[in-house]
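So the structure is just underneath, and the comments pick up after that.
The values are calculated or read from the model by the stated rules, or taken from the named source; none is laboratory data. Just so it is clear, the structure is predicted and the values come from calculations on it, not from any experiment. Cβ coordinates were reconstructed from backbone atoms using ideal geometry, including for glycine residues, and neighbour counts include every protein chain displayed. Ligands, DNA and RNA are stripped out before the accessible areas are found, and what is left, the full protein with its side chains, is counted by its heavy atoms. Shrake-Rupley method; radii C 1.70, N 1.55, O 1.52, S 1.80 Å.
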Amino acid sequence: MQAIQVHDKFFEPYLNESSIAEKVRSIADQLNRDYDGKKPLFIAILNGSFIFAADLFKSIAIEAEICFIKLASYKGTKSSGQVITAIGLDRDLYGRHVVILEDIVDTGKTLNEFLPQLYHQQPASLKIVALLHKPEATIYPVEVDYLGFSIPNKFVVGYGLDYNGLGRNIGAIYKLVE
Ligand code: IMP
């Protein structure tokens with residue numbers, strides 16, 4: 001695999017398509033075992049997770065639902081700071097086994113601020129699946145229950161992840177050349 005250019009930056013190959021596919025299948029296998037008979041509700045967080053969520057969900061062999069939400073953050077009052085709201089969350093989570101599908105946990109801010117809103121609806125359980133995690137960048141505590149790859153604190157594109165809107169359609173994952 002060759003280095004690629006997205007906008008003004010160069011990215012080098014990092015995770016190839018077959019290693020991603022293998023990891024996605026192994027996460028799906030664990031979920032198939034852990035959620036058998038629980039009819040989980042998967043909530044995929046757009047935009048970045050759309051390819052990961054689709055691939056993962058194809059390997060889910062148990063009864064399960066999926067929905068897609070978008071998170072929007074806006075400035076709240078001074079005391080509340082940034083407020084995150086979910087667009088498209090039209091399911092009642094009460095008593096459900098909820099599984100969040102996220103592309104990447106970076107600082108952890110997004111999930112750290114959003115998860116309390118979900119707990120508020122009293123799901124039976126709430127777990128996080130993330131394809132990628134940058135532990136060195138994480139400053140807001142987020143417990144990832146099912147992780148694909150732990151990666152260094154480098155910007156990555158491909159497999160749904162973008163750099164300023166481009167790169168989501170690249171099948172493999174590339175990391176920034178610095
Ligand atoms: P966090 O709130 O800092 O954990 O950021 C999470 C979101 O930032 C992810 O869902 C991605 O959309 C975006 N993000 C973080 N790191 C990267 C990256 O390396 N490439 C592309 N998007 C990223």
## Note on the structure
Note on the chain, DSSP bridge orientation, antiparallel percent to nearest 5 equals 45 percent
### Message
Considering the Cα positions of the chain, please state its Rg to one decimal place and its Dmax as a whole number of Å.
### Response
16.5, 49
### Message
Could you work out what % of the accessible surface of the range 40-100 is carbon and sulfur, using a 1.4 angstrom probe and leaving DNA, RNA and ligands out of the count?
### Response
55 percent
### Query
Under a Cβ-Cβ cut-off of 12 Å, what is the net charge of the residues other than I4 that fall near it, where Lys and Arg count +1 and Asp and Glu count -1?
+1
### Task
Over the chain, average the accessible area per residue using a 1.4 Å probe and give it in Å², no decimals.
52 Å²
### Task
Could you order peptides 105-116, 5-16 by the average number of other Cβ atoms within 10 Å of their residues, highest first?
105-116, 5-16
## Note on the structure
With R₀ set to 30 angstrom, the calculated FRET efficiency between the beta-carbons of D36 and C67, to the nearest 0.05, is 0.90
### Message
Take the residue pairs K38/K109; K9/K154; K75/K109; K9/K109; K9/K70 and return only those whose Cα atoms are more than 18 Å apart.
### Response
K38/K109; K9/K109; K9/K70
### Message
Can you tally the net charge around K109? Count Lys and Arg as +1, Asp and Glu as -1, for every other residue whose Cβ sits under 13 Å from the Cβ of K109.
### Response
-2
